[in-house]
């Protein structure tokens, strides 16, 4: 039985659930001793996890450090919404040593460089495809929740347009069809059309969105490109709900939408908001996958 | 082209949407001239509907009267949440004449008798099986919404127990399985077990509920019998969400549940709350079905 | 541990698989010692089952006798397609004694009377609702198989009419929608229409079948009433596949269909044909349910 | 209205259905005059298509030539199973002129070169991703058909292993789960595992296949690599059905499988066999997509 020391630093509820689950894992003869730092406001929710008050308490030879998602807040300190502590990136750099492995979501380039300079291996789990796929599930569920909360009709029988044919579109349209919606998906490529049809949805080319927006109850954008511009927005009924799932700058001209009286919701980072337990487990599983791949390479 | 005069009286948003839709219908060469009474607070939402301020304005030979659901409020007046008017049942009885047909949800016995005495045909749409089936959809969607709002996990991967094997159970378990939940349904009869299995759920006998409640994330009761008593409640984790969909007296010993710190939600009348447009259309379609059947009999 | 002696008599592959499975069961501290009679042609497939050559070998105090489905052949002997033996019903009556329980499918009235006269309990499993529900699955799968074998299109994208809204219709339309067909179901009652809609199919009234038959690739009848008469058959394209699942007299005027050159398949008793293992297990489970209910009553 | 002349040469039923459908199309103000050559045995099935007996009859300025799939037979002539004619590739090269566009499936390199030398544009539709996706549907349906025909159980409740996580796996596992099978999919990458889980299947790593094969009723291989070798085959029950969908050399050591008495089916080119109408339409749609893209480039 091997014991590995893990320090979980900052972040939101996802880090709490990640820490709890990690402390229960016993796989391939490895167990984890988990320390939490800068999560003290929710210390009550931590189980089998040692809360560390001061960074000096952390013993130097820690095996794994798990930074939050996103790693930094707007002041460029470590993002610690569940703590009153101010944690600087240099505090973290100081405590990691030779064989430590660092994980985080959206790790800034200069921090990566700092770890590199110390020969510390560092991985941004946000760049892993399996995390993106798994996150599509809470994102899709959160989108269903928004539709249910914001419309006075059932999803059953509603006409719904999804802009984009990526991961979230794939999960979301399957869910919506299962709930009895009439779904139309806009895309650009013949192969995307083929997949859309196999999911029993209709397809249109992105450039023809204008022709269908006036007949739908809900529009969900998944593409980080300003597709819903003034030209299209003017075609949309004021009763139609527009949900934008695309990260900045988003796919909707929000200013114009507001001026025209359109009902618009920009729903970012749904997994952490609607299902923090699941979102924490998804991050943890991705980290464990990376660790397993490192082991395999090593063998 | 035949024109029928319809008076929609009182009720909530469902009556508004019912009135609007009815005014658009043109079927079998019949059109409807729709009057709304005791809905004046939402007059802005009415389209092609004449708002009547005083009951005296209503001309006597009205063809159809649509009372709300439920017909009466706690003071035994007509239920008029979107109005400041007080409408007595006798006001309604006075205006209906010989060939008028009256519809309503949960019409009290003595009101039915009053109409009978005047030879007025009167139908309670709540007793129609197709309304119950259609209402199972907004009820199921509303239940999904509650689960999503109240739990920190995705439905995907959650363990969910549904108590009961009726209409709502049938729709709800299909939705939950489609969203990736592991669903177990409790019932009593071998034929119910068979249907449960065909929906790719596990089944247990109601009397064995106690054995599984501690392993589920969500419990949904659909049976109007106190099944979740103290004995079973003590077995349930405090993290588990209990949703009771059963009409009074409900299926949960709420007092004990509260004392034990269980997370319980008694979710009644979901269709009108989560999807008033759809709920209004369902009522309207049921009324139109009844009218069609009357026509057929007549022929 | 209690041992019960069971005699399995005659029948097809379903009896073989029923016998094998029964010999493996160990539930509620009961085990079964299984004897097979009049199944000798497939003796090789029997496992842990004692093959009995002559009825005299069977010891008198047998606990359970399982007759085949159907019990009788056209000569009114026990139906024994996997045997050269001629087994008379009186042979069976002779060997059963006081506490024996007899099971069978389609037990003729006079045989039931003979058992009654001897105070022998006798159950026709075909009258059990759960057997009918479970059998709807192999029936639906068999229907899919026929469609796949007999048409040159995929089910995906095909237009399919199902006549009837009973058990088989419910399972079959779910499967067909899942495979991407456009399904229309004909029925008679508003509540059936409601269920059909919840399964994302269109509905029509039986009396309007004539209007849609010319636009479908496949017609599946599930109702044992001659609905597809000459009047309707003449409307159907010669490329359209007609599958009749209804037991005698069937729902198709086969003579006229043949004369008009329609492609018609009368597919009876699909479970035993397309999935004898599953069909045998379904019968066995129904028998075990009946035995369990007898135990419970007894307690 | 523009008229384009199209010559459909050789091939099987897919070419017949492709020709018929093409003759009905009227899109973007273009219509097609369709000639069929070397399809005379099924001339009766052709509608609005002119059958050409001798290649000399074909007028020189043909716009589009559609060769069969595969283009060549084993003698390296054009593949003409529905004709007694011997058609040489040089016959085709002779009739095409400057602006003609040639389509075919599996066009050999030297034929491509011949067209290039004449400045004829030539496209192999088999290399189009959307054709591969669409073909996954008849392939999956054909696989269901084989399972139904070759096993004595229902798919409902069966344990099924799919080797591989590509297009066919994605469609097939969705169908199998919908029909109630317990599906396990073997793959190699964490992101494939993620997609497999979202489809409510279990996943294993390809190298652990050996551990599960003995517990499944059906194994479906989709990977053109000899994964099912002697080592794994010996673990498989003789009742288990093995279906290999992989193109040559296939994924099964067939010789060893046969020697060990395993039930193996190598099911190649299912779309053309089980659903020639659909397969013909898929090819045609792909050709029309290519033509549309050429138009757009031109504009």
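Which of D:190, D:38, D:246 ends up with the largest GNM mean-square fluctuation for chain D, with Cα atoms connected below 10 Å?
Residue with maximal mean-square fluctuation among D:190, D:38, D:246: D:190.
Over segment C:1-145, what is the percentage of antiparallel beta bridges among all DSSP beta bridges, to the nearest 5?
On the way: 3 of 25 bridges.
Bridges in segment C:1-145 that DSSP calls antiparallel: roughly 10 percent.
Relative to the other copies, what are the label-point distances for residue D:29, with labels 7 Å from Cα along the C-beta vector, expressed in nm at one decimal and sorted shortest first?
Its label point is 4.4, 7.7, 8.8 nm from the equivalent points in the other copies.
Among DSSP beta bridges lying fully in segment B:131-268, give the percent that are antiparallel, nearest 5.
Values: 0 of 22 bridges.
Within segment B:131-268, antiparallel bridges account for around 0 percent of the total.
Kindly rank C:11-24, D:79-92, B:43-56 from highest to lowest mean number of other beta carbons found within 10 Å of each residue.
Working: C:11-24: 23.2, D:79-92: 17.4, B:43-56: 14.0.
Descending mean neighbour count gives C:11-24, D:79-92, B:43-56.
Grab the residue from chain B whose Cβ hugs the B-to-A rotation axis most tightly, plus its distance in whole angstrom.
Closest to the axis: B:178, 2.
Need one word for segment B:131-268: rounded, prolate or oblate. Basis is the Cα gyration tensor (sqrt eigenvalues a ≥ b ≥ c); a/c below 1.5 gives rounded, then a/b vs b/c decides. Please report the intermediate quantities before stating the final value.
Values: a/c = 1.30, a/b = 1.23, b/c = 1.06.
Since a/c stays below 1.5, the shape of segment B:131-268 is classed as rounded.
Kirkwood hydrodynamic radius, computed over distinct alpha-carbon pairs, for the protein assembly as shown: how many Å, to one decimal?
Hydrodynamic radius (Kirkwood, Cα only) of the protein assembly as shown equals 34.5 Å.
To the nearest 10 degrees, how steep is helix B:129-150 against the longest Cα principal axis of chain B, on a 0 to 90 scale?
50
Take chain D, connect every pair of alpha-carbon atoms lying under 10 Å apart with a spring to form a Gaussian network, then pick out the residue of D:159, D:61, D:211 with the largest mean-square fluctuation.
For chain D, modelled as a Gaussian network with Cα springs under 10 Å, the answer is D:211.
Looking at the protein assembly as shown only, what percent of DSSP beta bridges run antiparallel? Nearest 5 please.
5
On a 0 to 90° scale, report how tilted helix A:167-178 is relative to the longest principal axis of chain A, with both axes built from alpha carbons and the result rounded to the nearest 10.
On a 0 to 90 degree scale, this one is about 60.
With the label 7 angstrom out along Cα to Cβ, how close does residue C:1 come to the same site in each of the other copies, in nm, nearest first?
Distances to the matching label points in the other copies: 3.8, 8.4, 8.4 nm.
Averaged over B:150-160, how many beta carbons belonging to a partner chain fall within 10 Å of each residue's beta carbon? Please list the in-between numbers first.
Numbers: counts 0, 4, 11, 10, 15, 7, 12, 6, 2, 0, 0.
Shielding by partners across B:150-160 averages 6.
For a quick check: sort B:169, D:114 by the number of other beta carbons within 10 angstrom, fewest at the front. Numbers along the way, then the final one.
Numbers: B:169 28, D:114 17.
Taking fewest neighbouring Cβ atoms as first place, the list is D:114, B:169.
Between residue C:239 and residue B:94, what is the spin-label point distance in nm, taking each point 7 Å from the Cα along the Cα→C-beta axis?
6.8
Okay, helix-only estimate at 222 nm for the protein assembly as shown: each DSSP H run of n ≥ 4 adds -39500 (n - 2.57), divide by all residues, round to 500 deg cm²/dmol; what do you get? Don't skip to the end; give the middle numbers.
Working: 44 runs with 452 residues, N = 1196.
For the protein assembly as shown, the value works out to -11000 deg cm²/dmol.
Report, for residue D:41, each distance to the same residue's label point in the other copies, shortest first and in nm; define the point 7 Å along Cα→Cβ.
Nearest to farthest, the other copies are at 3.8, 7.8, 7.9 nm.
Which whole-number percentage describes the relative contact order of segment C:80-179, with Cα contacts under 8 Å and a sequence gap of 6 or more?
Values: 68 pairs, mean separation 20.7, N = 100.
Computed over segment C:80-179, the figure is 21 percent.
If you count, for every residue in B:138-146, the Cβ atoms of partner chains within 10 Å of its Cβ, what is the mean?
On the way: counts 5, 1, 4, 9, 2, 0, 6, 7, 2.
Mean shielding by partner chains, rounded to a whole number: 4.
Does chain B come out rounded, prolate or oblate, given a ≥ b ≥ c as the square roots of the eigenvalues of its C-alpha gyration tensor, rounded meaning a/c under 1.5 and, failing that, prolate meaning a/b above b/c?
Numbers: a/c = 2.35, a/b = 2.09, b/c = 1.12.
In terms of gyration-tensor shape, prolate.
May I ask for the distance between the Cα centers of segment B:204-261 and segment D:1-69, given as a whole number of Å?
If we compute the Cα centre of each part, the gap is 68 Å.
Please average, across the residues of B:277-284, the number of beta carbons from any other chain that are within 10 Å of each residue's own beta carbon, and give a whole number. Present the calculation step by step, with values, prior to reporting the outcome.
Numbers: counts 6, 8, 3, 1, 3, 2, 0, 0.
Taking all residues of B:277-284 together, the mean is 3.
Efficiency by 1/(1 + (r/R0)^6): what FRET value for residue C:119 and residue C:24, r their Cβ-Cβ distance, R0 = 30 Å, to the nearest 0.05?
Values: r = 31 Å, r/R0 = 1.05.
For R0 = 30 Å, the calculated efficiency reads 0.45.
Using 0.36 nm times the number of residues separating residue A:31 and residue A:76, minus their current alpha carbon distance, what extension gain do you get? Spell out each step's value before the answer.
Values: separation 45, 0.36 × 45 = 16.20 nm, distance 3.29 nm.
Contour length minus the Cα-Cα distance gives 12.9 nm.
Just need the relative contact order of chain C here, percent rounded to a whole number, with Cα pairs under 8 Å and 6+ apart.
15
For segment D:131-268, what is the relative contact order in percent, using Cα pairs closer than 8 Å and at least 6 residues apart in sequence? Walk me through the numbers on the way to the answer.
On the way: 251 pairs, mean separation 27.9, N = 138.
Relative CO of segment D:131-268 lands at 20 percent.
In the Gaussian network model of chain D, springs joining C-alpha atoms below 10 Å, which of D:284, D:144, D:245 carries the largest mean-square fluctuation?
Greatest mean-square fluctuation among the candidates belongs to D:144.
Relative to the longest principal axis of chain C, what angle (0 to 90°, nearest 10) does the C-alpha long axis of helix C:276-298 take?
Roughly 60 degrees between the two axes.
Every number here is computed from the coordinates shown, using simple stated rules; none is lab data. Since this is a predicted model, take the numbers as computed values, not measurements. We place every Cβ from the backbone using ideal geometry, glycine too, and count neighbours over all the protein chains shown.
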